[in-house]
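Below: the structure, in structure tokens.
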Amino acid sequence: MIYEIRKHGDPVLRKKSEPVTEINEEIRTLLDDMAETMYASSGVGLAANQIGIAKRLITVDAGIDGESKIHKLVNPRITQKSKEKKDFEEGCLSFPGIIEKIERPAQITVQAKNEFSEDVEIHAQGLLAVALQHEIDHIDGVTFVQRMTPVKRLLHKKELKELKNRAVPK
Ligand code: ZN
């Protein structure tokens, strides 16, 4: 099932999501629906609160080397970050039309459970590292706009205001 994506201005995007305590059929269905919604929107990642569900669930497919690989992660957390940082152009399905360079650690390690309750550890760099950090921010109620420098945020002030005016809180 494809969900509607919540946009800037919807309070669920600023909410810290709750950990998932039991990975059951309901969670697996939700992760499948998130992946379907993400692909339907041509996104590389999606967090559950972007479809209005404040649970710590993300899906990411950074399509590395042209190969699609879906990560369905439950309660993901970043356990290591490199000192080296990199600028990457980011967009967000909740902020249509806005693209901006964001600086983040270049390499990270993420630990999580997968949809079968197995422990997974991902060593990521490049787009995968960016997408994982962007989505884990989402479940903490942090959007990429908050990661922009004040000058860059100011550059998008008008677009942000327009998006917010259009948002219909659920
Ligand atoms: Zn996003």
Open item on the list: Quick check on His71: is it within 16 Å of the ligand (Cβ to nearest atom), farther than 20 Å from Arg6 by Cα and out of contact with any Lys or Arg (no Cβ under 9 Å at 6 or more places or on another chain)?
Closed with: yes
- [ ] Restricting attention to the range 113-139, report how many residues are out of contact with any Phe, Trp or Tyr (no Cβ under 9 Å at 6 or more places or on another chain), away from the ligand (no atom under 12 Å from the Cβ) and either under 30 Å from Lys161 (Cβ atoms) or open to solvent by 10 Å² or more (accessible area, probe 1.4 Å) (or both).
- [x] 13
Open item on the list: Can you find, within the range 140-149, the residue that is nearest to Phe88 (Cα to Cα) among those that are within 11 Å of the ligand (Cβ to nearest atom) and open to solvent by 20 Å² or more (accessible area, probe 1.4 Å)?
Closed with: Arg147
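Can you give me the number of residues within the range 156-170 that are assigned to a helix (DSSP H, G or I) and touching a residue at least 40 places away in the same chain (Cβ under 8 Å)? Steps first, answer last, please.
From the range 156-170, those assigned to a helix (DSSP H, G or I) are 157-166; that's our starting set.
Retained after the next criterion (residues that are touching a residue at least 40 places away in the same chain (Cβ under 8 Å)): 159-160, 163-166.
Here the count works out to 6.
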Task: Whichever residue in the range 59-108 is among the polar types (S, T, N, Q) and touching a strand residue (DSSP E or B) at 6+ places or on another chain (Cβ under 7 Å) and, among such residues, is least open to solvent (accessible area, probe 1.4 Å) - done: Thr59
TODO: Pick out, from the range 49-155, the strands (runs of 3 or more DSSP E) lying fully within it that include 1 or more residues that are in contact with a Pro (Cβ under 9 Å, 6 or more places away or on another chain) and under 30 Å from Glu25 (Cβ atoms).
DONE: 57-60, 71-81, 107-113, 119-125
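Go through Ala124, Ala131, Ala167, Ala106 for me and flag whichever is among the small types (Gly, Ala, Ser) and in contact with a His (Cβ under 7 Å, 6 or more places away or on another chain). Give the derivation first.
Numbers: Ala124 fails: in contact with a His (Cβ under 7 Å, 6 or more places away or on another chain); Ala131 fails: in contact with a His (Cβ under 7 Å, 6 or more places away or on another chain); Ala106 fails: in contact with a His (Cβ under 7 Å, 6 or more places away or on another chain).
Within the list Ala124, Ala131, Ala167, Ala106, the selection yields Ala167.
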Task: Of residues in the range 1-29 being under 15 Å from the mean Cα position of the chain (by Cα) and part of a helix (DSSP H, G or I), the one surrounded by the most Cβ atoms within 10 Å (Cβ to Cβ) - done: Leu13
- [ ] Give the range 30-48 a look and list any residue that's open to solvent by 60 Å² or more (accessible area, probe 1.4 Å) and either in a helix (DSSP H, G or I) or within 19 Å of Asp119 (Cα to Cα) (or both), or say none.
- [x] Asp32, Glu36, Tyr39, Ala40
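The values are calculated or read from the model by the stated rules, or taken from the named source; none is laboratory data. Fair warning: this is a prediction, and the values are worked out from it, not measured in the lab. Positions of Cβ are backbone-derived with ideal geometry, glycine not excepted, and every protein chain shown enters the neighbour counts. Just so you know, the surface numbers come from the protein's heavy atoms only, side chains and all, with ligands and any DNA or RNA stripped out. Shrake-Rupley method; radii C 1.70, N 1.55, O 1.52, S 1.80 Å.
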